[in-house]
Amino acid sequence: MSEDTLFGRDFDAIERGERYESEPRRIDQDEVNAFGALTGDQHPLHVDPKWAASGPFGQTVAHGMLILSCALGSLPIDPSRVLALRSIREAVFKRPLVVGEAITVNCRVSDLRALDDDAGLVECGWRILGDDGRLRARATVEIVWRRGAGINPSLAAAGRATLEPAPGDPGRADELTPVEVTEGGVRVLI
């Protein structure tokens with residue numbers, strides 16, 4: 001992962017107001033069908049092209065939560081930097097994304113907060129645009145980001161990293177999730 005992008009840099013090298021725009025990412029009917037099967041949301045507006053053709057949009061549209069998931073997946077996240085997605089707040093779906101259309105994510109860092117010596121919280125505003133450049137969705141996203149030079153070799157060797165509460169700050173850091181760190185990436189432990 002290149003350190004030239006926002007998602008390849010250390011927490012302490014990121015600045016408020018910094019921006020990143022993703023490459024377009026197309027969402028096709030097979031993905032919409034798979035998402036519907038996984039979530040149980042089989043509304044015909046999403047999964048039945050014949051039914052949707054006579055509906056309000058003239059064709060199938062992607063699930064809002066699929067759009068958010070694909071937005072996250074379209075970002076070049078470096079697992080040695082980004083530990084976990086902490087929250088998605090204030091998600092608003094402005095207009096439908098028809099199946100076959102691409103999304104582009106405009107990401108802007110709105111806040112930074114050090115959690116402890118090992119991690120910080122990066123708050124980003126996302127604007128998810130369609131092929132025509134019009135807003136499809138927006139959300140505020142919080143990401144737990146590693147501080148320091150990268151994966152701590154002792155944590156990688158042990159296969160685990162746990163984010164401990166900062167002394168005197170039990171109301172914030174105790175909500176962090178333990179993660180497993182491997183050569184293949186970072187996995188949230190539940």
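The values are calculated or read from the model by the stated rules, or taken from the named source; none is laboratory data. Predicted, not measured: the structure shown is a model, and the values here were computed from it. Glycine gets a Cβ as well: all are built from the backbone with ideal geometry, and neighbour counts include every protein chain shown.
For the reader, a short list of remarks on this structure follows.
- Residue count for the range 1-43, restricted to those that are hydroxyl-bearing (Ser, Thr, Tyr) and more than 16 Å from the chain's Cα centre (by Cα): 2.
- Looking only at the range 50-68, residues that are of a type in the set (S, T, N, Q), surrounded by fewer than 16 Cβ atoms within 10 Å (Cβ to Cβ) and in contact (Cβ under 8 Å) with a residue 24 or more places away in the chain come to 1 in all.
- Within the range 7-65, the residues that satisfy the criterion of being among the basic types (Lys, Arg) and touching a Lys or Arg at 6+ places or on another chain (Cβ under 8 Å) are ARG9, ARG19.
- Any chance ARG113 is farther than 23 Å from LEU129 by Cα, of a type in the set (Lys, Arg), at pLDDT 95 or above and under 19 Å from the mean Cα position of the chain (by Cα): yes
- Filter result for PHE35 (at pLDDT 95 or above and within 21 Å of GLU123 (Cβ to Cβ)): no
- The C-beta contact set for the range 76-88 (first residue β-branched (Val, Ile, Thr), second residue at pLDDT 90 or above and assigned to a strand (DSSP E or B), distance under 7 angstrom, 6+ apart or interchain) comprises VAL82/ILE143; VAL82/TRP145; ILE88/ALA139; ILE88/VAL141.
- Here the condition is being part of a loop (DSSP other than H, G, I, E, B), touching an Asp or Glu at 6+ places or on another chain (Cβ under 9 Å) and under 23 Å from ILE143 (Cα atoms); of ARG108, ARG89, ARG16, it holds for ARG16 alone.
- Unmet requirement for ASP28, which otherwise passes all of (1) crowded, with 17+ Cβ neighbours inside 10 Å; (2) at pLDDT 95 or above: (1)
- Among the residues examined, ILE128 does not qualify as surrounded by 16 or more Cβ atoms within 10 Å (Cβ to Cβ), part of a loop (DSSP other than H, G, I, E, B), touching a helix residue (DSSP H, G or I) at 6+ places or on another chain (Cβ under 9 Å) and modelled with pLDDT of 90 or more.
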